[in-house]
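Heads up: the structure comes next, in C-alpha cells.
The values are calculated or read from the model by the stated rules, or taken from the named source; none is laboratory data. Since the structure is predicted, the reported quantities are computational estimates derived from the model, not experimental observations. A quick note on method: Cβ atoms are made from the backbone with ideal geometry, for glycine too, and the neighbour counts reach across all protein chains shown.
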Amino acid sequence: MSQSPSQSELYPPATKELAVQRRQLAPKPAEAFRAFSQAVFADGALPAKTKQLIAVAVAHVTQCPYCIRGHSKQALRSGATPEEIMEAIWVAAEMRAGAATSHSALALDEINQAQHEAAAH
C-alpha cells in the first residue's frame, strides 16, 4: 500500500524566492498579472473587504490552498471578521453542493431518455 504525499510535498511553501523566479522567467505576464490583481481588489463599486470575502469563497470552490491562505489573510487585513470569513466559506460550500444537485438534471435527462427508449422497444 503506497502512502499518499504529505501536504508539503503537494504544496511547497509560497516563498519570496519562488515569486522572484516566477517574475524572472516571465516578467511581462507577471507584471500584468500583478497590475490586474491590484485593480481587481481595489475599492470600487464593491469595497476591498467584500472582494476579499468573495475571493475566500472562490478559493474554497477552486480548492487552491495558496489562495485560501492568501485571501483569508487579506480579508482579515481588510477588516473582515472570522465570522464573515466562515460565512463566505459556507456560501461557497452551498454553491458547490448546489451545482452538483443542479447538474443532476443531466443524469436525470439521460435516465429518462434511456427509459423512454426501452419502453418504445
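Listed by first and then second residue, the pairs with beta-carbon distance under 8 Å, at least 6 apart or on different chains, first residue in the stretch 66-88 and closer than 12 Å to Lys49 by Cβ and free of Cβ contacts under 8 Å to residues at least 40 places away in the same chain, second in a helix (DSSP H, G or I) and among the acidic types (Asp, Glu), are Ala75/Glu84. Val61 meets each of the listed conditions (1) more than 24 Å from Lys16 (Cα to Cα); (2) surrounded by 11 or more Cβ atoms within 10 Å (Cβ to Cβ); (3) more than 18 Å from the chain's Cα centre (by Cα) apart from (3). Give the stretch 44-74 a look and list any residue that's touching a Lys or Arg at 6+ places or on another chain (Cβ under 9 Å) and within 15 Å of Arg96 (Cβ to Cβ), or say none. Once the filter is applied, which keeps residues that are touching a Lys or Arg at 6+ places or on another chain (Cβ under 9 Å) and within 15 Å of Arg96 (Cβ to Cβ), the stretch 44-74 yields Ala59, His60, Val61. Residues that are farther than 11 Å from Val56 by Cα and either under 15 Å from the mean Cα position of the chain (by Cα) or part of a loop (DSSP other than H, G, I, E, B) (or both) within the stretch 81-105 comprise Thr81, Ala93, Glu94, Met95, Arg96, Ala97, Ala99, listed in sequence order.
Exactly one residue out of Leu76, Leu46 is surrounded by fewer than 17 Cβ atoms within 10 Å (Cβ to Cβ), outside any helix (DSSP H, G or I) and of a type in the set (A, V, I, L, M), and it is Leu46. Among the residues that make up the stretch 23-35, is at least one of them at pLDDT below 95 and within 21 Å of the chain's Cα centre (by Cα)? Scanning the stretch 23-35, I find no residue that is at pLDDT below 95 and within 21 Å of the chain's Cα centre (by Cα), so the answer is no. The residues of the stretch 1-22 that are aliphatic (A, V, I, L, M) and either modelled with pLDDT of 95 or more or part of a helix (DSSP H, G or I) (or both), listed by number, are Leu10, Leu18, Ala19, Val20.
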